[in-house]
Amino acid sequence: MKKIGLFLLGSLLLTACENDSKTQFDILIKNANIVDTGSGNIIEGQHIGINKDTIARIAPYDAAENWMGTQTVDAKDKYVIPGLWDMHVHFGGGDTLITENKNLLPLYIANGVTTVRDCAADISPEVLKWKEQVGMGTLLGPSILTAGPKLEGKNSIWPGDLEIEDEPELLRALDSLDKLQVDFVKITDNALDPQLFLKSIKEATKRGYKTSGHIPFELTINEASEAGQRTVEHMGYMLKAGSSQEAEIIDRFKKGGIDRETAQIQLDQTFDRDAAIAKYRKLADNGTAVVPTFIGSKIISYLEQDDHLSDPELKYLGPGLIKTYDWRIERANKATQEEIEARHDRYRKTVDLLPLVRESGMDIIAGTDAGFLNSYIYPGFALHDELQIFVDGGLTPLQALQTSVINGPKYFDLLDYYGSVEEGKVADLLILERNPIKDIGATKTIHTLIKKTKVYNKGQLNQLLVEMAQMYR
């Protein structure tokens, strides 16, 4: 498996503590309630000692009365969880928007998001610099795992893609991603030949990369999964896969017997619960997960009810990024009443898939699509909205939390370092005012954020937002 670049900078060695009566830590969290992210149990009254970027020791307060910290955080009656992961974000919009994109990084930290997965855009060289700087501790922001530029076909509508139309170009594109030392490979279907799409997945997988992406309409979801695709981005593809006649309808479409609109209608009409769960179970067996990205779908689906022009979060974004929202907004505002009702219906149907996907054993991974182009999906803030949609759609608060803090690092095989509050894990931590297992909205009640060696209290996190708002006045 590919190394995750500079993502794991810093020592992961535990500090030997020969005499607990004189134990000194770089950071000491006192009297915390630790949320067990596996079971949902609460482990009360714990001291957490952190050295360098690692949780070195955890013990009940009465067994650690003489522990000391260079920095000490009183977490009495508070709840500690791992930092949140947003597994689908974008940085982009061209060179003129580099600064505005960089200014998004503190928004993630202010909202408790300590890691993001950048799913490709058109400023990858800058994103790779930010990744390194965050890893070295010289830039404030979440740890970044990036695809670099994604793979697409010739004349893709998306800026910054590596455009390919045959296998030699595919191999050269992957060579370039090797040189960039990207963390995974993103592949989409705007202009890419379906068979070359499958070849791209297989070749990237051979090189040790996890793959993610969309799925060409001409392919079944199982074909992409069997080829090695490890995340399906956006829940709409799972709706298509739930047709009991997916393969037959797609075959008729490829042979020219029906057009795409007719094929889509037939796929929708033949959705079957049992067929969907059986299909999803095969995907689970293959290790394929889904990143639903509901919040963006919800915003556009109900744009006629809320135009978002009064959203308080707009003050944290630069004018150039806000301008990139226009193309989606203009398209959505041209919809007829029938089309509006159809998009409402489709949104509800995709959210209704959550319990089925969960029942199948597939991993659901939290991601928002925040960044340029994707209208009113606010970096950092949107992840909390996404988790709330998961709960409203049928997951428990614990299951929703797991989609971020466990399934995020699981995708990258990083659960030895992340996913729980345990000795030996990286010290990316949130201290919350309320218990997120009772109410997922508690993820917003951040008392303190610890990002490896840095401690940020609520006042400091709020100040980040104040400074961002002042920047664009």
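The values are calculated or read from the model by the stated rules, or taken from the named source; none is laboratory data. All values reported here derive from a predicted model rather than from experimental measurement. As a convention, Cβ positions derive from the backbone with ideal geometry for all residues, glycine included, and neighbour counts pool all protein chains shown. Heavy atoms of the whole protein, side chains included, go into the accessibility calculation; ligands, DNA and RNA do not. Shrake-Rupley method; radii C 1.70, N 1.55, O 1.52, S 1.80 Å.
Do the conditions hold for residue 174, that is, is it more than 23 Å from residue 263 (Cα to Cα), in contact (Cβ under 8 Å) with a residue 12 or more places away in the chain and in contact with a Gly (Cβ under 7 Å, 6 or more places away or on another chain)? When the stated conditions are applied, residue 174 does not pass them. Is it the case that some residue within region 426-444 is surrounded by fewer than 20 Cβ atoms within 10 Å (Cβ to Cβ), out of contact with any Gly (no Cβ under 6 Å at 6 or more places or on another chain), without any contact (Cβ under 8 Å) to a residue 40 or more places away in the chain and not hydrophobic (A, V, I, L, M, F, W, C)? No: region 426-444 contains no residue that is surrounded by fewer than 20 Cβ atoms within 10 Å (Cβ to Cβ), out of contact with any Gly (no Cβ under 6 Å at 6 or more places or on another chain), without any contact (Cβ under 8 Å) to a residue 40 or more places away in the chain and not hydrophobic (A, V, I, L, M, F, W, C). Criterion first (open to solvent by 40 Å² or more (accessible area, probe 1.4 Å) and either closer than 17 Å to residue 148 by Cα or hydroxyl-bearing (Ser, Thr, Tyr) (or both)) does residue 183 satisfy it? Judged against the criteria, residue 183 is not a match. Any residue at all in region 27-37 that's on the phi > 0 side of the Ramachandran plot, buried (at least 16 other Cβ atoms within 10 Å of the Cβ) and not in a loop (DSSP other than H, G, I, E, B)? Yes, because at least one residue in region 27-37 is on the phi > 0 side of the Ramachandran plot, buried (at least 16 other Cβ atoms within 10 Å of the Cβ) and not in a loop (DSSP other than H, G, I, E, B). Tallying residues that are over 28 Å from residue 269 (Cα atoms) and not in a loop (DSSP other than H, G, I, E, B) within region 336-388 yields 8.
Restricting region 343-390 to residues that are of a type in the set (Asp, Glu) and within 18 Å of residue 302 (Cα to Cα), which is least open to solvent (accessible area, probe 1.4 Å)?
386
The test for being over 10 Å from residue 295 (Cβ atoms), modelled with pLDDT of 95 or more and buried (at least 22 other Cβ atoms within 10 Å of the Cβ) does not hold for residue 340. As a summary of the residue check, residue 413 satisfies the conditions (1) farther than 18 Å from residue 298 by Cβ; (2) surrounded by 22 or more Cβ atoms within 10 Å (Cβ to Cβ) except for the one numbered (2). Which one is nearest to residue 89 (Cα to Cα), of the residues in region 203-219 that are among the hydroxyl-bearing types (Ser, Thr, Tyr) and buried (at least 19 other Cβ atoms within 10 Å of the Cβ)? Step by step, filter region 203-219, then rank; the result is 212.
I need the strands (runs of 3 or more DSSP E) fully contained in region 75-158, keeping only those with at least 1 residues that are open to solvent by less than 10 Å² (accessible area, probe 1.4 Å), touching a residue at least 40 places away in the same chain (Cβ under 8 Å) and more than 26 Å from residue 205 (Cα to Cα).
Numbers: elements: 79-82, 84-89, 113-118, 143-146.
In region 75-158, the matching strands (runs of 3 or more DSSP E) lie at 79-82, 84-89, 113-118.
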